[in-house]
């Protein structure tokens, strides 16, 4: 057994070409390369020896070299040999003319455990893909058993989104199994195409697809593709099969638009101890390994993570963990998290980023419990429904109801105002028109205090907008109350000297003459500010007829108030705004007799006031 010599002087045994003053990152890279090469040369290097040789990197080497050793051992096990690994790229294997009942047309690809050919059924004319275990690799019963187990694991899966296996056999000196041939392109190819298109706006691909579109349809397309693949994974997991090599190149988008999982070459049945190989790399690409797999742990949540990384790359056109030397890749997987999706592109929908980031949580317990739950949230996003990854706020529910309920449209621009109105509505709930007239002064003071508190709350909310999502949940139950707040405040202010809470039952000016002495300019100014909030709320819901009618009514009342306190110009402006809004309501809803009547009455009040002013 050859091991690195132990020496406390790191510079004496520093990797070739590395000076002692070089950075720790370069030193780590060189140590990992040296450790890896020794393992591939058939040696058995010990992590402890390297830790003793480089004590300043003791903790980093424990985790990093342990992961490297595990990966190299898995490669050696999958290859079925104790010496340096070999691949079919260096093995001469002539293409057979026929395999069973199939004519062999061309080679599609090769890897560590087989060669895949395009074949054609001699009588049915059906195109198939045939995976062959060459004689040079069938050197032991164990290897043949692994190949057969691979076929059995894939053959037991019958799902629209899984490339199916329907035949297995032996032809002369080699074993093979037959799969559906699916014409299409790998997700890795589509990702590269989209990345190239994004970096070169002038380029124009001859094979466009939804995946290359720059608008929101790309996100919905990615979610639908992901939900289909997650459904296939959920099905495979129910059959007791883990794929164990999920990455973009193992997902195929057929020319029919259907996404499929390919290459179950590393699959493992939960009831079997057989470790299988695959058509591509021996152990899979480190960029798509779940963190816990570096510790020898792997389950359905690990596959949720791998699919999540793939969708991360589909959405952003860049991998979650960039490629590089082993030290960089394994170090990133172990110690860091992918960049938040919306930091890469703020146009990525919040719900979609939430779903993907939950799937790729570094801690398995923070991910979706299974692929089925992942599928459900992806499909919910694609269909515009609420996701389960986080509780939907009132604002989010309102957005989703926008098509059915125009009142909810545009609430995002009024999120801060809604919070303020909820606070006001909660306070006003304790104030009613049945309060004694002697408490009116105290109530007015509290209203002014609330106005000040509201302004301060708005300032704080602007700086903390991202923190308001949780507060929206409480807003949902109070939306109806908020719609009544404005009318109630008008009632409170107008009737404080009337002696009768029911005096404010009509909107006409002539009904308010007895209340003239109960109003002040300060009252009017305060009500005007509330009306401004109401107006802003209505503008954000510009297609809501009912809300426009309520706003017109409020402007008419403000016109009456300005008349009462002898501010004719402000009254004229308010009446004109009311007439304009009533006119819009009448056009939008021809059956609205009340709006036409109110428009006529308001116009009469405006005309009388204009005549008086002249």
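The values are calculated or read from the model by the stated rules, or taken from the named source; none is laboratory data. What you see is a predicted model; the values in this text were computed from it and never measured. All Cβ positions, even for glycine, are placed from backbone atoms using ideal geometry, and neighbour counts span all protein chains on display.
Before moving on, here are some points about what is shown:
- Of all residues in the stretch 139-180, those satisfying the criterion of being touching a strand residue (DSSP E or B) at 6+ places or on another chain (Cβ under 8 Å), in a loop (DSSP other than H, G, I, E, B) and surrounded by 17 or more Cβ atoms within 10 Å (Cβ to Cβ) are 157, 161, 163.
- Candidates 298, 305, 312, 288, filtered to the one that is touching a helix residue (DSSP H, G or I) at 6+ places or on another chain (Cβ under 8 Å), modelled with pLDDT under 95 and closer than 19 Å to residue 187 by Cα: 288
- Some residue of the stretch 115-134 being in contact with a strand residue (DSSP E or B) (Cβ under 8 Å, 6 or more places away or on another chain), modelled with pLDDT under 80 and outside the structural domain of residue 24 (by TED's automatic domain parsing): no
- The criterion of at least 3 residues that are under 45 Å from the mean Cα position of the chain (by Cα) is met, among helices (runs of 4 or more DSSP H) falling completely within the stretch 527-614, by 545-564, 568-588.
- Taken together, 562, 575, 555, 582 contain a single residue that is surrounded by 18 or more Cβ atoms within 10 Å (Cβ to Cβ), free of Cβ contacts under 8 Å to residues at least 60 places away in the same chain, touching a helix residue (DSSP H, G or I) at 6+ places or on another chain (Cβ under 7 Å) and over 22 Å from residue 523 (Cα atoms), which is 582.
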